[in-house]
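The block underneath contains the structure these notes are about, expressed in structure tokens.
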Amino acid sequence: MTIVVGLTGGIASGKTTIVDFLRKNKLAVHDSDLVVGEIYSKPKAKFLNYLKKTSLGKSIKGKNIDKEIVREEIFNNIKKRKLLESYVHDEVKKVRNIFIKKHKQKKTRIIFLDIPLLFEKKLEKICDFIILFYAPLTIRKKRAIRRRGMQKKILEKIIKSQLNDKIKKKKADFAIDTSINKNQCFNEVLKTIKLIKNK
């Protein structure tokens, strides 16, 4: 039986670093952010038409999409945000389902699904276990603001749109603090995986 482990956490909670670590350890990880990145970096006609239909057409620059314009538009207009999220999450779901099916057929012992909005989108049911990655908000804000194109007011809106860590900790099976030493954090991850495998 394949064990499905959901990985989640708010913006700048350290998930990308953990996903890279899991991959280096030859573990199977489905990365939602990677799929979203491809939707934007290699936009299909279907997506470009959807952006035009949902009044996000001004983010299209030739064959490229300006993500900063998208971010600003959707975090200032909840209707646009919901419409865009609906499209993107459907596309991510298709790719994720293929990944799960493939590994279940291969009888892979354990697989990981990196889903930033796992609780917000009520995706608990597709996971056997959930690991939450968290860090104090001050640290997360410092990490996030270093990202290219991130603005303070947009960051605040992104944080507001996500469940807070107190609620997430109650819902998760395991919670790992990513503000500790990186190697310590990686050891915690490996210990948690061992625990899950032995359950």
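For segment 160-169, the set of residues classified as in contact (Cβ under 8 Å) with a residue 24 or more places away in the chain, in a helix (DSSP H, G or I) and either open to solvent by 70 Å² or more (accessible area, probe 1.4 Å) or not polar (S, T, N, Q) (or both) consists of Asp165, Ile167, Lys168, Lys169, listed by residue number. Show the residue pairs that are 6+ apart or on different chains and have beta-carbon atoms under 7 Å apart, the first residue being within segment 146-159 and closer than 21 Å to Lys82 by Cα, the second being of a type outside the set (A, V, I, L, M) and in a helix (DSSP H, G or I). Hits for this filter: Ile154/Arg71; Ile154/Glu72; Leu155/Lys141.
The condition (being open to solvent by less than 40 Å² (accessible area, probe 1.4 Å), part of a strand (DSSP E or B) and modelled with pLDDT of 95 or more) is satisfied by just one residue among Phe119, Phe133: Phe133.
Output the number of the condition that Arg109 fails; it satisfies all remaining conditions of (1) within 30 Å of Asn76 (Cα to Cα); (2) open to solvent by 60 Å² or more (accessible area, probe 1.4 Å); (3) in contact with a helix residue (DSSP H, G or I) (Cβ under 9 Å, 6 or more places away or on another chain). Arg109 satisfies all of (1) within 30 Å of Asn76 (Cα to Cα); (2) open to solvent by 60 Å² or more (accessible area, probe 1.4 Å); (3) in contact with a helix residue (DSSP H, G or I) (Cβ under 9 Å, 6 or more places away or on another chain) except (1). For segment 170-182, filtered to residues that are in contact (Cβ under 8 Å) with a residue 24 or more places away in the chain and outside any loop (DSSP other than H, G, I, E, B), the residue that is surrounded by the most Cβ atoms within 10 Å (Cβ to Cβ) is Ile176.
For Ile39, the test of being open to solvent by less than 60 Å² (accessible area, probe 1.4 Å), in contact (Cβ under 8 Å) with a residue 24 or more places away in the chain and farther than 17 Å from Ser161 by Cβ is passed.
Conditions tested, residue by residue: (1) in contact with a strand residue (DSSP E or B) (Cβ under 9 Å, 6 or more places away or on another chain); (2) at pLDDT below 95.
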| position | (1), (2) |
| --- | --- |
| Val4 | yes, no |
| Thr8 | yes, no |
| Leu34 | yes, yes |
| Ile78 | no, yes |
| Arg81 | no, yes |
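Looking only at segment 145-158, decide whether some residue is β-branched (Val, Ile, Thr), under 21 Å from Gly6 (Cβ atoms) and either in contact with a strand residue (DSSP E or B) (Cβ under 9 Å, 6 or more places away or on another chain) or open to solvent by 30 Å² or more (accessible area, probe 1.4 Å) (or both). Within segment 145-158, not a single residue is β-branched (Val, Ile, Thr), under 21 Å from Gly6 (Cβ atoms) and either in contact with a strand residue (DSSP E or B) (Cβ under 9 Å, 6 or more places away or on another chain) or open to solvent by 30 Å² or more (accessible area, probe 1.4 Å) (or both).
The values are calculated or read from the model by the stated rules, or taken from the named source; none is laboratory data. As the structure is a computational prediction, the values presented were derived from the model and not from experiment. Every residue, glycine among them, receives a Cβ derived from its backbone with ideal geometry; neighbour counts consider all protein chains shown. For accessibility, only protein heavy atoms count, side chains too; no ligands or nucleic acids. Shrake-Rupley method; radii C 1.70, N 1.55, O 1.52, S 1.80 Å.
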